[in-house]
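The values are calculated or read from the model by the stated rules, or taken from the named source; none is laboratory data. Note that this is a predicted model, so its numbers are computed, not measured. Every residue, glycine as well, gets a Cβ built from its backbone with ideal geometry; the counts of neighbours run over all protein chains shown. SASA here: full protein model, heavy atoms, side chains in, ligands and nucleic acids out. Shrake-Rupley method; radii C 1.70, N 1.55, O 1.52, S 1.80 Å.
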Amino acid sequence: MVGIVVVTHSAVLGQGVKELAEQMTQGRVPLAVAGGIDDPEHPIGTDPVRVMAAIEEVQQGDGVLVLMDLGSALMSAETALDLLPPEVAAQVRLCAAPLVEGVMAAAVQASIGADLETVAREAESALAAKAELLGMAPPQGEAAPDVAPDAASPVPPAPIVAGGQELTLVVPNRLGLHARPAARIVTALGPFVADVHLVRGDRVVSARSVNRIATLAVRGGDTVTFRATGADAAHALKALADLAAENFGDLPDAAMSSGKSITAGPDGQGKPAAAGAPAARGGVPASPGIAMGPAVWHRPAFDAPPPSLVAGDPDSEAARLEAALDAARKELAALERRTAAMAGKQEAEIFVMHRLLLDDATIAGDARQRIAERHEPAEAAWYAVIDLAAESFRQLPEGYMRERAADLVDVGARVLRLLTGAPPSGPRLDRPSVLLAADLGPSDMAHLDPALVLGIVTAQGGATSHAAILARSMGIPAVAGAGALAANVADGVTVALDGSTGEVWIAPAPDVRASIESRRAAWLAAREAALAGAARPAVTTDGRHVHVHANIGAPADAPPALKNGAEGVGLFRTEFLFLDRAAAPDEEEQRAAYVAAAAAMPGLPVVVRTLDIGGDKPVPYLGDFAAGEDNPFLGLRGIRFCLARRELFLTQLRALLRAAAEHPLRVMFPMVAHPGELAAAKAMLEEARAALAAEGLPHGPVEVGIMVEVPAAVALADQLARESAFFSIGTNDLAQYVMAADRGNAAVADLSDALHPAVLRMVRDTVAAGNAAGIPVAMCGELAGSAEAIPLLVGLGLDELSMNGPAIPRAKDVVRGCDMAACAKLAERALELPDAAAVRRLLKGGG
Ligand code: PEP
Ligand code: MG
């Protein structure tokens with residue numbers, strides 16, 4: 001993306017221009033200010049070294065446009081060019097445009113990926129709009145608006161080629177197509193190739209230029225027509241119609257005329273201004289903690305396969321390619337559905353586009369041809385075709401085609417991963433950063449280096465998505481479900497987040513930065529203090545030992561959990577061993593993983609949960625069950641899936657029994673709804689044991705328990721308790737099923753809240769059934785790790801709380817401060833409240 005540098009005599013002026021531009025572009029454009037000089041007594045002036053540093057800060061390889069205010073600013077900019085290495089200076093262009101108008105126009109063009117030439121041209125014609133509106137001729141040397149700018153010139157009878165399409169509408173927003181709506185029109189057209197013009201009366205201008213649109217002075221209530229030609233003209237007009245339906249992004253007029261002061265948030269949307277309020281936007285709080293740093297987008301790696309790769313015969317290579325393409329289609333279909341459910345149809349459209357790219361006959365056809373004619377391995381053929389196509393996109397001058405190149409590489413990487421069977425390589429960071437991603441899979445998370453990942457913001461997902469769960473277990477602050485807010489941030493822009501509140505700041509102002517920094521320091525200090533007492537048991541003031549265990553997703557999570565004071569593993573989510581790979585782990589690989597987890601917890605209990613896939617976790621190599629189900633969360637998930645896939649399940653059970661020969665293990669079945677399922681699963685465990693015995697392979701005893709996470713299991717808890725050695729309550733699923741509210745859907749997050757009294761009553765009933773049968777009752781849902789909720793959970797009588805490792809020290813501290821009688825009273829009161837919000841108020845001491 002083209003970077004922009006603002007050179008001004010006044011740092012304050014520069015900052016103001018920068019903020020305006022960031023509002024127009026949601027902080028997507030790398031923009032730096034070289035304002036004022038380093039002399040507190042006389043701060044007005046310009047400094048070539050500051051200009052040079054600003055250029056270096058924003059240059060990303062696509063060029064830098066420098067705009068200056070007056071006088072010495074020009075000299076400083078020229079000197080800075082002399083100071084820069086020639087190869088950097090060659091990519092810098094000094095621009096004669098007026099500062100404010102020029103920066104705004106340039107930023108919008110840069111934000112849609114236009115090249116340096118286009119960005120400069122747009123900036124240089126920035127005075128045209130003002131001149132037009134004032135009835136003056138455009139300044140000398142300034143490009144005239146492209147088509148019939150003069151009111152005296154009628155619109156040509158056929159200004160666009162035959163076959164064009166039109167969209168006529170009455171402009172709905174009172175202020176008309178002023179700068180921000182114009183910027184949104186230009187941005188909305190970014191992904192399309194169509195040639196689009198805007199017509200008002202007898203005037204017609206390019207709809208791809210903020211300046212040109214402004215010359216039309218369109219007001220609310222005016223009738224305008226968009227005319228489009230080109231392959232995707234209809235889609236471009238549809239995007240404009242959608243934008244118009246949303247008031248071109250302006251607030252509804254009722255709010256605008258109410259007399260409230262309106263400011264613009266970081267998304268460019270007007271909203272009531274609160275004095276001094278930081279420009280923070282919300283996502284879903286996903287992992288507590290505060291972070292701030294430069295944004296880095298995670299996109300899957302797309303690397304050339306090694307030249308040593310040997311091709312099989314062309315037919316088998318072609319078949320491998322087809323299988324990978326098919327699997328990629330299924331992944332994309334599942335992602336599309338999940339995203340549409342969680343974030344909305346519009347957000348999901350990216351996956352539709354990826355599927356179209358995948359189905360592009362030339363790309364797949366070229367790859368097949370290379371396999372047939374050059375006898376290349378499928379990986380090499382696919383890589384070469386995608387790389388070539390992406391490169392030719394990159395060579396095109398228009399920014400929107402460059403974005404197509406990135407999409408093509410995304411799709412290419414997906415197929416390549418499925419071909420090689422390699423897990424994703426994970427985000428690549430070379431300095432401490434805030435990681436942004438559409439979503440992160442378990443393998444992405446497994447590759448994260450907590451020393452470099454200051455925080456995570458994902459566009460999709462919720463608090464109980466697996467990325468969120470893993471972020472908590474790694475102690476990385478995270479906000480999920482930030483939607484378009486995250487999608488529009490460019491690499492390098494400062495992003496801050498508070499994972500406890502869900503706040504996200506894009507390019508925060510200096511005073512906001514200072515306050516975020518001090519909040520981060522306080523959070524780090526509290527974390528250190530809690531770690532100091534982590535090893536001691538969690539015993540209430542009146543002597544009840546509440547066991548505090550860890551949830552893990554891989555053996556590697558166990559040692560840090562132990563350090564955090566875990567007294568065992570309460571939940572090993574074994575599905576993480578199965579995700580993001582081309583084939584299921586075999587018996588030996590699984591056995592080794594279970595042994596490794598148990599060995600890391602010497603002498604301590606370890607509960608291994610059998611495979612819980614389905615729902616929102618597509619595992620293409622295990623079949624099409626997720627893509628084919630209308631309601632995957634209500635479908636073939638957890639124990640249901642395992643009972644239907646006997647071979648897969650038997651392999652896991654054998655691996656568990658063999659691991660138990662070396663270390664004591666407990667086995668837990670997920671999603672059990674009724675005693676028949678438990679009996680069937682236990683029968684298969686016995687079948688696996690008998691087979692091992694017949695083969696003479698060593699195996700050990702295991703205790704068998706169940707997750708209580710389906711309402712039916714609570715209703716039948718007395719029957720299930722007779723057949724179980726322990727219960728563990730999964731509040732993540734229990735809450736979504738009790739409340740009929742998808743756990744990953746931010747829109748119903750207040751319903752799927754496990755603190756809802758409806759869910760708490762289920763916890764009470766489960767504990768009662770466990771107590772009556774004399775078996776321990778644990779909780780391993782995310783609620784168990786909530787320090788705020790722990791007194792209530794202790795009061796409900798839970799024997800064990802299992803949570804992500806970093807939450808353990810604080811949780812133990814809270815338990816140590818609990819008095820059983822007081823906690824029981826608290827629980828009694830909570831159970832009588834009407835909703836989760838009331839319970840939260842009670843826990844905060846306000847209820
Ligand atoms: C739960 O549902 O609460 C649980 C612990 O299982 P998972 O989050 O893995 O579905
Ligand atoms: Mg569950």
Problem - Distance between modelled label sites at residue 246 and residue 49, nm, 7 Å Cα→Cβ extension - result: 4.5 nm
Problem - Extension gain (nm, one decimal) between residue 526 and residue 391, 0.36 nm per residue minus Cα-Cα - result: 43.6 nm
Handout entry: Rg(Cα)/(2.2 N^0.38 Å) for the range 89-136, N = residue count
Key = 1.18
Completion exercise
Counting every C-alpha pair in the range 543-666, the percent lying more than 22 Å apart is 38 percent
Practice task
Can you send over the solvent-accessible area of residue 130, 1.4 Å probe, protein chains only, in Å² to the nearest 10?
Solution key: 100 Å²
Handout entry: Convex hull volume per residue for the range 694-756, taking Cα atoms only, in Å³
Key = 132 Å³
Handout entry: Cα Rg, Dmax, the range 1-136, angstrom units
Key = 14.0, 45
Completion exercise
Expected unfolding gain across residue 231-residue 828 under the 0.36 nm per residue rule, minus the alpha-carbon gap, is 208.4 nm
Exercise for the section: Give the Cα extents of the range 195-255 along the principal axes, in whole Å, largest first. Expected result: 38, 24, 18
Practice task
Starting with the highest mean, order 510-518, 593-601, 534-542 by the number of other Cβ atoms within 10 Å, averaged over the residues of each peptide.
Solution key: 593-601, 534-542, 510-518
Completion exercise
Once all protein chains are kept in place, residue 685 shows an accessible area at probe 1.4 Å, nearest 10 Å², of 10 Å²
Completion exercise
Here the convex hull volume per residue of the range 598-730, taken over Cα atoms and given in Å³, is 115 Å³
Handout entry: Whole-Å distance, taken between Cα centres, linking the range 55-122 and the range 541-576
Key = 54 Å
Problem - Estimated distance in nm for a label pair at residue 682 and residue 542, the labels positioned 7 Å out from Cα along Cα-to-Cβ - result: 3.5 nm
Fill in the blank from the handout: Net charge near residue 805 (other residues with Cβ under 10 Å of its Cβ; Lys, Arg +1; Asp, Glu -1) is +1
Practice task
On a C-alpha basis, how far is the centre of the range 694-751 from the centre of the range 166-188 in Å? Whole number, if you could?
Solution key: 52 Å
